[in-house]
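*Asks:* Have a look at the structure that comes next, please.
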Amino acid sequence: MRTPFLIFSSILCVFLMFTPKKIDAQNLPTYKELKGKVIDAKTNKTLSFSDLIVDGSNISTITNSDGEFLLKVNSNLLDRDIVITHLGYEKKNIKISELNHHTKILLIPAVTELNAISINPKKENARSMVLEVLKNKSMHNTDGKIMTAFYRETIKKRRKNASLSEAVVQIHKQPINSLKREGIDLIKARKSTDYSKLDTLALKLQGGPFSNLYTDVVKYTDYVFNKENMDMYTFSFDAPTKINNNTVYVINFKQTSFIKTPLYYGKLYVDAKTLALTSAIFSLNVSNKELSSKMYIRRKPKKVDVYPTKASYRVNYRTQNGKWHYAYSNILLTFKVNWKGKLFNSTYTLNSEMAITDWKHSNAKYAKTKNTMLRPTTILTDKASGFSDPEFWGKYNIIEPEKSIETAIAKIKRQLKRT
């Protein structure tokens, strides 16, 4: 079972050299920025992880932890609708022309009539349904695609941001049943690290965007469920919900009590009509410190004990033309760091997320470019110059930063101006 690796080491600057792609400003299409917040119409609660898609296109984004979004729409698409969806809520269409800056979008909770839902008797066993879902991949990405994605990675010591990375990448997504390796090209990247907040340790995520790509449970099923561990899990049905106005089965899973090996627990969300996986939210059981530590820590100083206290994952899929595609993933890892001989320990939190913002079909062979190609072992560059350029992202869609990240970016910009 593979999991994203972390590197703990003495401070070591790792640079990924890449050549930025030149863009002719005259050829850039004009676009309109749509900014706002998605909230629950009844409770006014902000709705994170809401999907926003330009109808009839592949341009999309997702709301951040505060329910906020920023979507850049090409001028030739301004006569279309924005489609907003969220698990457990009714789908909503809004004309782009009706959206103003800082718009509030209200979503109505979907009512699921339990007595109207019938589960096929052959599927009443939750485990059997999971096996069929994992086997039935025909409703997912069946051809090659080139996906544009936004990636963000933050590292905090306690509650203070110590490292911030952002990147626009191009993913060469292979068909769901293909054994070919998927590739990631770096288009733009920026990063800043304040090592003074990391004491004498540098916490680095090995894999970067690849780590998030591997949360695609449908493509990389063996990372969570495989022949060796399937019998170590118990499965049960939870109350169903809805997405895109369609019924979704909810299946709970966890490792059996007598199994000591760290496995996962969480929920699978399955489309009732097609048995396609629409979302998965799961965590690793880290109660066994020694075993769970070995799964994550690649390297560390001898005088330091490091172990995870939380390891949570989320992957969302988006439906387009009758097929479900990888759309978003989030990884949240928390670690305790104990220096031998020191009284106090430190807590580090690493959060990475990646959202698909556009894609197109591609059957062409992936052409590897050494200057821009990322590897599963890559650590994003520490270069921070991009933060000084207000037009750095240009036409690319991003995930709106949460408040603490906004504050960190503002601080970086002030520091760059002084230097």
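The values are calculated or read from the model by the stated rules, or taken from the named source; none is laboratory data. Given the structure is predicted, the values throughout are model-derived calculations rather than measurements. We place every Cβ from the backbone using ideal geometry, glycine too, and count neighbours over all the protein chains shown. Just the protein is used for accessible areas: all its heavy atoms, side chains included, with ligands, DNA and RNA removed. Shrake-Rupley method; radii C 1.70, N 1.55, O 1.52, S 1.80 Å.
*Asks:* Can you confirm whether segment 343-363 contains a residue that is surrounded by fewer than 23 Cβ atoms within 10 Å (Cβ to Cβ), basic (Lys, Arg) and without any contact (Cβ under 8 Å) to a residue 40 or more places away in the chain?
*Replies:* The answer is no; no qualifying residue exists.
*Asks:* Any idea which of (1) free of Cβ contacts under 8 Å to residues at least 12 places away in the same chain; (2) over 30 Å from Ser57 (Cα atoms); (3) under 23 Å from the mean Cα position of the chain (by Cα) is the one Met295 doesn't satisfy?
*Replies:* Against the list (1) free of Cβ contacts under 8 Å to residues at least 12 places away in the same chain; (2) over 30 Å from Ser57 (Cα atoms); (3) under 23 Å from the mean Cα position of the chain (by Cα), Met295 comes up short only on (1).
*Asks:* Also: Only one of (1) part of a strand (DSSP E or B); (2) surrounded by 17 or more Cβ atoms within 10 Å (Cβ to Cβ) is not met by Lys219, so which one is it?
*Replies:* (1)
*Asks:* Condition first: open to solvent by 20 Å² or more (accessible area, probe 1.4 Å), modelled with pLDDT of 90 or more and not small (Gly, Ala, Ser). Can you find one or more residues in segment 295-311 that meet it?
*Replies:* yes
*Asks:* May I ask you to list the residues in segment 192-214 that are within 18 Å of the chain's Cα centre (by Cα), more than 18 Å from Gly144 (Cα to Cα) and at pLDDT 70 or above?
*Replies:* Gly208, Pro209, Ser211, Asn212, listed by residue number.
*Asks:* Give the residue, chosen from Phe335, Phe282, that is modelled with pLDDT of 85 or more, farther than 26 Å from Asn246 by Cβ, aromatic (Phe, Trp, Tyr) and within 20 Å of the chain's Cα centre (by Cα).
*Replies:* After ruling out the rest, the residue left standing is Phe335.
*Asks:* Looking at (1) under 21 Å from Leu277 (Cβ atoms); (2) in contact with a Ser or Thr (Cβ under 7 Å, 6 or more places away or on another chain), can you tell me which one Asn330 breaks?
*Replies:* (2)
*Asks:* Kindly provide the set of residues from segment 41-78 that are among the acidic types (Asp, Glu) and without any contact (Cβ under 8 Å) to a residue 12 or more places away in the chain, ordered by number.
*Replies:* none
*Asks:* Further question on the same structure: Kindly provide the set of residues from segment 32-46 that are modelled with pLDDT of 95 or more and buried (at least 22 other Cβ atoms within 10 Å of the Cβ), ordered by number.
*Replies:* The answer is Val38, and nothing else.
*Asks:* Out of the residues in segment 165-182 that are out of contact with any Pro (no Cβ under 9 Å at 6 or more places or on another chain) and closer than 13 Å to Gly208 by Cβ, state the one that is modelled with the highest pLDDT.
*Replies:* Among residues in segment 165-182 that are out of contact with any Pro (no Cβ under 9 Å at 6 or more places or on another chain) and closer than 13 Å to Gly208 by Cβ, the one modelled with the highest pLDDT is Val168.
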